[in-house]
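Novice: Starting off with a structure, shown below.
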Amino acid sequence: MDYNSENAVAAGFGAGMLIFCLAVAVITYAGLWKMFVKAGKPGWAAIIPIYNSIVMIEIVGKPVIWILWLLIPCVNIVFGIWLLNLLSKSFGKSEGYTVGMIVLPMVFFPLLGFGDAKYVGPSAAEAQNKQDFFNSPPTTPNA
């Protein structure tokens, strides 16, 4: 192989990787867009950096001040995982789905957005626990 053919191979590989990365980003953001629409938020908010996190915080029913936690290095990892967990629960999914959203967002965001998952409200598990708490019969102390 001569010098020119090596450059052509490298350029072709680089262009292929660029197209692949753009395709993954488009698929991921399309799923996020549909997820926002299902939750009653504007879909275009998915493509605006930082604002998409604010909308996600609103979807899970947490105070918008959480955006500060997502901007602090190291702390943002914990709160980001927590936010994804609350997001999956808001669509009626389990912790296993949260792991999928962390490891393969390009698969699990579109599954949530284009799939049959319904938005059930902010952190559905928390809402069910509170409902059970308020609907449980009162206990009387043994006197």
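The values are calculated or read from the model by the stated rules, or taken from the named source; none is laboratory data. All figures in this text were calculated on a predicted structure; none of them were measured in a lab. Don't worry about glycine lacking a Cβ; one is built from the backbone with ideal geometry, like all the others, and counts go over all protein chains shown.
Novice: What are the residue pairs meeting all of these: first residue in the stretch 7-25, first residue within 26 Å of residue 49 (Cα to Cα), second residue surrounded by 10 or more Cβ atoms within 10 Å (Cβ to Cβ), Cβ atoms under 6 Å, and 6 or more apart or on different chains?
Specialist: That search, which allows pairs on different chains as well, returns 24/106.
Novice: Then there's this: I'd like to know if the stretch 6-24 contains one or more residues that are among the aromatic types (Phe, Trp, Tyr) and over 29 Å from residue 115 (Cβ atoms).
Specialist: yes
Novice: If a residue counts only when it is under 30 Å from residue 33 (Cβ atoms) and modelled with pLDDT of 80 or more, which helices (runs of 4 or more DSSP H) contained entirely in the stretch 95-143 have at least 1 such residues?
Specialist: Result: 95-103, 105-114.
Novice: Considering only residues of the stretch 100-122 that are small (Gly, Ala, Ser) and within 13 Å of the chain's Cα centre (by Cα), which is surrounded by the fewest Cβ atoms within 10 Å (Cβ to Cβ)?
Specialist: Step by step, filter the stretch 100-122, then rank; the result is 100.
Novice: Under 9 Å by Cβ, and 6 or more places apart or on different chains, what pairs join a residue from the stretch 102-124 that is in contact (Cβ under 8 Å) with a residue 24 or more places away in the chain with one that is in a loop (DSSP other than H, G, I, E, B) and β-branched (Val, Ile, Thr)?
Specialist: Cβ pairs passing all conditions: none.
Novice: Restricting attention to the stretch 1-54, which residues are out of contact with any Phe, Trp or Tyr (no Cβ under 7 Å at 6 or more places or on another chain) and of a type in the set (Val, Ile, Thr)?
Specialist: Hits for the stretch 1-54 are 9, 19, 24, 26, 27, 37, 48, 50, 54.
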